[in-house]
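Working notes for the structure below.
Please treat every number below as a calculation from the coordinates, not as lab data. All values derive from a computational prediction rather than experimental measurement. No Cβ is skipped: glycine too gets one built from the backbone with ideal geometry, and neighbour counts run over all protein chains shown.
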Amino acid sequence: MNALGRPGPEEANAYFARYIDLADGRDLLEALANASEQVRTTAQRIPSEKAGYRYAPGKWTIEQLLQHVVDTERIFTYRALCFARKDATELPGFEENDYADATANNDKGLRRILAEHDAVRNATIELYRGFNAEELLRMGTANSNRFSVRSLGWAIAGHAMHHVRILNERYL
C-alpha cells in the first residue's frame, strides 16, 4: 500500500470526498504540487485591478477567495498535525464566510496572497513529506467528522482545484 496514495472512503466523509476526487496526482505530494501550479497559473492571469471583483453581490472578491484557499490549508494542516501526533482532542469547525468577511478590508493584493499561498503550500508539502505511513493513516475528529491525516492532504489539494475551477468559470 502507498501511504501517500489516494485515501479510501472510510478516511473522510462524503462532503470532503468531492474535494479529494478533484485532486490530480499519483500520490499526495504530486497532487499538492499540481494544485499549487494550477493556483499560480490561474492567479497570474488576474489583473491586479480585478482583485476586488465579485461575480455577484454578496460573493467573495477574488482576493477573499484566494485568501480562503490559504486559510483553509492552514486549518487542515493543523488538523493533520494534531491527528498525526495522536492528539485525541476533537477539533472545531470554522465558518468560512466569517473568515472571508474578516479579510474584506485587508488589501494585501494578489501578489502577496500568492506569495503567502506558496509559502504555506511549501510548508504543507514538507509536513506531509515528514509523516511516516503510520502517521498518514491516523484518524481524528474535526467538526464532528472523522478524517485520516492523508485524507486532509488530498482534501487540501482538491479544495484548491475546486476554487481554481470557480475562478475560471465565474470570475475570469
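Quick notes on this one:
- Looking across the stretch 5-57, the residues that are assigned to a loop (DSSP other than H, G, I, E, B), more than 14 Å from A155 (Cβ to Cβ) and not charged (D, E, K, R) come down to G5, I46, P47, A51, G52, Y53, Y55, A56, P57.
- The residues on offer are L152, L136, and the sole one that is surrounded by 15 or more Cβ atoms within 10 Å (Cβ to Cβ), in contact with a Ser or Thr (Cβ under 9 Å, 6 or more places away or on another chain) and farther than 20 Å from H68 by Cβ is L136.
- E134 falls short on exactly one of the conditions (1) touching a helix residue (DSSP H, G or I) at 6+ places or on another chain (Cβ under 7 Å); (2) farther than 21 Å from A51 by Cα; (3) among the acidic types (D, E), and that condition is (1).
- Residue in the stretch 100-116 that is closer than 16 Å to Y78 by Cα, surrounded by 13 or more Cβ atoms within 10 Å (Cβ to Cβ) and either in contact (Cβ under 8 Å) with a residue 12 or more places away in the chain or of a type in the set (S, T, Y) (or both) present: no
- For L136, the requirement of being on the phi < 0 side of the Ramachandran plot, in contact with a strand residue (DSSP E or B) (Cβ under 8 Å, 6 or more places away or on another chain), hydrophobic (A, V, I, L, M, F, W, C) and in contact (Cβ under 8 Å) with a residue 60 or more places away in the chain is met.
- The residue that is farthest from T141 (Cα to Cα), counting only those in the stretch 1-15 that are in contact with a strand residue (DSSP E or B) (Cβ under 7 Å, 6 or more places away or on another chain) and of a type outside the set (A, V, I, L, M), is P7.
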